[in-house]
1. Condition first: out of contact with any Pro (no Cβ under 6 Å at 6 or more places or on another chain) and not in a loop (DSSP other than H, G, I, E, B). Now tell me which residues in segment 171-187 satisfy that.
2. Would a scan of segment 78-85 turn up a residue that is β-branched (V, I, T), within 29 Å of A173 (Cα to Cα) and open to solvent by less than 80 Å² (accessible area, probe 1.4 Å)?
3. Name the residues in segment 144-173 that are more than 30 Å from F114 (Cβ to Cβ) and surrounded by 15 or more Cβ atoms within 10 Å (Cβ to Cβ), would you?
4. If you go through segment 47-58 one residue at a time, do you hit one that is under 20 Å from K149 (Cα atoms) and without any contact (Cβ under 8 Å) to a residue 24 or more places away in the chain?
5. Return the only residue of A122, A71, A104, A150 being at pLDDT 90 or above and either among the small types (G, A, S) or under 30 Å from T172 (Cβ atoms) (or both).
6. Can you say whether I184 is in contact with an Asp or Glu (Cβ under 7 Å, 6 or more places away or on another chain) and among the β-branched types (V, I, T), as far as the supplied structure shows?
7. Under 6 Å between Cβ atoms, which residue pairs at least 6 apart in sequence (or on different chains) link something in segment 87-104 that is at negative phi and open to solvent by 70 Å² or more (accessible area, probe 1.4 Å) with a partner that is part of a helix (DSSP H, G or I) and of a type in the set (G, A, S)?
Amino acid sequence: FGILGASKKYHKNMLDKVIRSPTSFFDTNPVGRVVGRFSGGIGTLDKFFPVVALDVFDIGALFVSLVITVAIIDPVLLGPFAGFIIVLIIFIAIFSPIIKETKAYETSTKNPLFSHFSSSLAGMSIIRIYGQQQLVRNKFIGLLNANTKAIINFSLASALIGFFIDLSYVITAIGLIYVTTARIDPS
């Protein structure tokens, strides 16, 4: 309910700002850009935020319960956990700007695509009268390719941070196993 309320409030604020914008705003910003901002912001909020919020809560609760259990049973094993936390903070510090930049690039390539599409639909009869279908099509394909490259870059950057976090998790698990087995008395 909180996520749905946030989405409604975000949409209402965006709509209020657009409705109250001066006419010069619409002269300088094509319809495609405005639609792109709406669809991008609301789409991300509605599609990805609930899943990510639940994952963060689920993994966070699991991690806290695991740390508490380990601290009660064998506090020596908290060393690898501390190393994992430090490595995780370093990865987030390194990759967070990369993720933000690739997402901003993806959003900036989506807006011209929507703008070109909406203006092409509005001027379809004029485009056909002057025989400019191939020119409009080639420009659309170029914009679509640029947007697809941006989406792939964002997906790869996200997958890369996921890989490094999983790798640090595996190394932590190996460290825990090593610390546990090294302390076992062979006799």
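The values are calculated or read from the model by the stated rules, or taken from the named source; none is laboratory data. This one's a predicted model, so the numbers in the text were calculated from it and none came from an experiment. Glycine gets a Cβ as well: all are built from the backbone with ideal geometry, and neighbour counts include every protein chain shown. What goes into the accessible areas is simple: the full protein's heavy atoms, side chains included, and nothing from ligands, DNA or RNA. Shrake-Rupley method; radii C 1.70, N 1.55, O 1.52, S 1.80 Å.
1. Once the filter is applied, which keeps residues that are out of contact with any Pro (no Cβ under 6 Å at 6 or more places or on another chain) and not in a loop (DSSP other than H, G, I, E, B), segment 171-187 yields I171, A173, I174, I177, Y178, V179, T180, T181, A182.
2. Step one: list which residues in segment 78-85 are β-branched (V, I, T), which gives 85.
Subsequent filtering for residues that are within 29 Å of A173 (Cα to Cα) retains 85.
Still in the list and also open to solvent by less than 80 Å² (accessible area, probe 1.4 Å): 85.
Taking every residue of segment 78-85 in turn, at least one turns out to be β-branched (V, I, T), within 29 Å of A173 (Cα to Cα) and open to solvent by less than 80 Å² (accessible area, probe 1.4 Å).
3. Of segment 144-173, the ones more than 30 Å from F114 (Cβ to Cβ) are 163-173.
Selection gives F164, I165, S168, T172.
4. Narrowing segment 47-58 to residues under 20 Å from K149 (Cα atoms): none.
No; the residues of segment 47-58 include none that is under 20 Å from K149 (Cα atoms) and without any contact (Cβ under 8 Å) to a residue 24 or more places away in the chain.
5. Details: A122 fails: at pLDDT 90 or above; A71 fails: at pLDDT 90 or above; A104 fails: at pLDDT 90 or above.
Every option except A150 fails the conditions.
6. Working: in contact with an Asp or Glu (Cβ under 7 Å, 6 or more places away or on another chain): no; among the β-branched types (V, I, T): yes.
No; evaluated as a whole, the condition is false for this residue.
7. Cβ pairs passing all conditions: I98/A157.
For (1) in contact (Cβ under 8 Å) with a residue 40 or more places away in the chain; (2) crowded, with 16+ Cβ neighbours inside 10 Å; (3) more than 30 Å from I85 (Cα to Cα), each residue gets a yes or a no:
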position	(1), (2), (3)
L113	yes, yes, yes
S120	no, yes, yes
M124	no, no, yes
R137	no, no, yes
G142	no, no, yes
G175	yes, yes, no
